[in-house]
Structure formats: structure tokens, C-alpha cells
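A.B. asks: Below are the C-alpha cells for one structure; questions will follow.
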Amino acid sequence: MAWELANGPYPGNYSEKATNWIRAACENIKKTDKNHLVAIGNTGNLHVNYYDSIKLDCIDYGTLHVWPENFGWYNPKDSKTFDNAVAKTIEFMKSNIEGIRKLFGDEKKCKPIILEEFGLARDNRGLGANSTTQYRDQFYSTLFQFLKHYMDKKMLSGVNFWAWAGEGRPRHTVWQQTDDWVGDPPNEDQGWYSVYDNDTTLDVVRKYTRAFVPAYAVQDHTLKWSFWVFIGVPLVVVVAGISVDLLKRRKDDEDENLLVAM
């Protein structure tokens, strides 16, 4: 569905150079492939060039990544840090979503935004499927409920958690050849952010899949399909939330141009 230039690129002290590279890369892609969307893959306004880069004409939609533990907000071995982590996450999402809307001003000109990555470790930072997920379930539920407000207002077009492990199980802390893929990169602890097929987290995901997916898709015979779209092929959700929106805008622009021509 889309090209993504990088995974969470950080420009450091090279904001202008980074933005110029993004412009050159996405314009080159657009020349070669006019049939797919292009996104940067960056984390959000933690990057000094975030707003400048998302305004580029060749970038079709914005991405957000939020990682409470990685950002230093949460320690899964200290439950006292949980409430602050939730508050920081909500603050981060609100700042980015509303900041992007303010950047573009007109609602019709605002580019679609997706929360492309988020996750939370299992209780006490367990890695195996037998460890509990009480805090993660609460985190998912609180975040989903908060984001539904922006989904309903069409200020957010997709939500993708990280990461679906399914029946996979980690055999080693660091991935080795022939081990299952459980979502986490090979260089990270296996099972760190994994959602297994027996996790209670799935109950939270099912609940909010019903809330996020349009009503016409949430029927008994399509719910299973919608559920898998949400957790297994997250960019399909983006197709519904972004591609349709972009097509509508293109049609509106064509109608406007026709009126001008007349």
C-alpha cells in the first residue's frame, strides 16, 4: 500500500539536511511509482523536523510511534511508574494529533495520521506466554479509549499495536536461527512486546476493533476478518482510513478545478 522511508529516523542536529533527504527520497519514489502512498516512518514531534517534513507535498500521511519504556517513562519492574507512563503517552498523542491539525489549519487539507507503533512490556517485564499482562491490558484499553475520540472526529486514521506473535514462542532471549518470529527484532529481547494467541490483551483488541472498524464491517461473519486486519495486517486498516480519504480529497480537488475552469 505504501512506501516508508525509514523506521523511526532521528535527525539529531541535522534537521534541515534530514528534511532535504526526505524530500529527495519521496520525490524520487513518486516519479518512479505513482500508485502508492509514501510516509516517513518517524516517531512524532520528538523529532525537530517532524512538522517540516510532514508538510512536504510528496508525503501522503503522517506516522506516530509511542514507546513508554523506550522513552524512559515506564519501568515494568516498578508498577509505581505506570500512571505517569499512561499520562505521558496521552500527552504525547494529544500534542501530536492536535499539533498536526493546527499545522494544516483547514480540516480538508490535513493529512491522515496513524499511530503506527506502540506497545508495553508484560508484567514485571516477563517474556514468556505464561507471564501476565495486567498493566499492558490496562494501557491498551486506556489508550484505545482515548484515541477513539480522535478516530470519531477523523483526526486519526489508524492504530497499530506492536507486535502480534500468535502461536510463536521465544526459545531464547536473543533470537537464533530456527527460532519463531514473535514480533520483536532479533537484536531485542524476544517476547518483549509480543502479543501471544492466549493473551488477555486480545480481549481488549477485540473490544476496540468493534469500536474502530466502521459499523458496516462489524457483523458476525466479518468480525473475525476485521480482528485480523487490526492485528495482523495493520496497514489494511490504513487503506480504509487513509486511501479512501485521499481519494475523496482528490475527487474534491477535481471538482474544484472543474468549477474554476468553467
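A.B. asks: Could you tell me which residue of the stretch 189-206 is most open to solvent (accessible area, probe 1.4 Å), considering only residues that are acidic (Asp, Glu) and within 16 Å of residue 161 (Cβ to Cβ)?
C.D. replies: 203
A.B. asks: Any idea how many residues of the stretch 33-72 are farther than 16 Å from residue 115 by Cβ and of a type in the set (A, V, I, L, M, F, W, C)?
C.D. replies: Summing the residues that are farther than 16 Å from residue 115 by Cβ and of a type in the set (A, V, I, L, M, F, W, C) in the stretch 33-72 gives 6.
A.B. asks: While we're on this one: Could you grab me the full set of residues in the stretch 71-87 that are surrounded by 15 or more Cβ atoms within 10 Å (Cβ to Cβ) and either modelled with pLDDT under 95 or of a type in the set (S, T, N, Q) (or both)?
C.D. replies: 75, 81
A.B. asks: Here is a list: 51, 10. Which entry is part of a helix (DSSP H, G or I), touching a residue at least 12 places away in the same chain (Cβ under 8 Å), under 29 Å from residue 120 (Cα atoms) and out of contact with any Ser or Thr (no Cβ under 7 Å at 6 or more places or on another chain)?
C.D. replies: Working: 10 fails: part of a helix (DSSP H, G or I).
Going through 51, 10 in turn, just one is part of a helix (DSSP H, G or I), touching a residue at least 12 places away in the same chain (Cβ under 8 Å), under 29 Å from residue 120 (Cα atoms) and out of contact with any Ser or Thr (no Cβ under 7 Å at 6 or more places or on another chain): 51.
A.B. asks: Right, next: Restricting to the stretch 95-150, count the residues that are exposed (fewer than 15 other Cβ atoms within 10 Å of the Cβ) and either in a loop (DSSP other than H, G, I, E, B) or among the aliphatic types (A, V, I, L, M) (or both).
C.D. replies: 5
A.B. asks: Do you know which of the residues in the stretch 207-221 that are of a type in the set (Ser, Thr, Tyr) and either closer than 16 Å to residue 161 by Cβ or within 18 Å of the chain's Cα centre (by Cα) (or both) is modelled with the highest pLDDT?
C.D. replies: Within the stretch 207-221, the match that is modelled with the highest pLDDT is 208.
A.B. asks: When residues of the stretch 48-59 are filtered for being open to solvent by less than 10 Å² (accessible area, probe 1.4 Å) and of a type outside the set (A, V, I, L, M), how many remain?
C.D. replies: Summing the residues that are open to solvent by less than 10 Å² (accessible area, probe 1.4 Å) and of a type outside the set (A, V, I, L, M) in the stretch 48-59 gives 3.
A.B. asks: Under 8 Å by Cβ, and 6 or more places apart or on different chains, what pairs join a residue from the stretch 168-194 that is over 18 Å from residue 117 (Cα atoms) with one that is assigned to a loop (DSSP other than H, G, I, E, B) and β-branched (Val, Ile, Thr)?
C.D. replies: Listed by first residue and then by second, the contacts come to 168/182; 169/182; 170/182.
A.B. asks: Does residue 32 fit the bill of being over 22 Å from residue 147 (Cα atoms), β-branched (Val, Ile, Thr) and touching a Pro at 6+ places or on another chain (Cβ under 8 Å)?
C.D. replies: Taking the combined requirement at face value, the residue does not satisfy it.
A.B. asks: Take the residues of the stretch 1-44 that are open to solvent by 40 Å² or more (accessible area, probe 1.4 Å) and among the aliphatic types (A, V, I, L, M): which is modelled with the lowest pLDDT?
C.D. replies: 1
A.B. asks: One residue is enough: does the stretch 57-77 have a residue meeting the conditions in a helix (DSSP H, G or I), under 25 Å from residue 159 (Cβ atoms) and out of contact with any Cys (no Cβ under 6 Å at 6 or more places or on another chain)?
C.D. replies: no
The values are calculated or read from the model by the stated rules, or taken from the named source; none is laboratory data. Everything numeric here is computed off the predicted structure, so don't read it as measured data. Glycine gets a Cβ as well: all are built from the backbone with ideal geometry, and neighbour counts include every protein chain shown. Note: accessible area is taken over every heavy atom of the protein model, side chains too, but ligands, DNA and RNA are not part of it. Shrake-Rupley method; radii C 1.70, N 1.55, O 1.52, S 1.80 Å.
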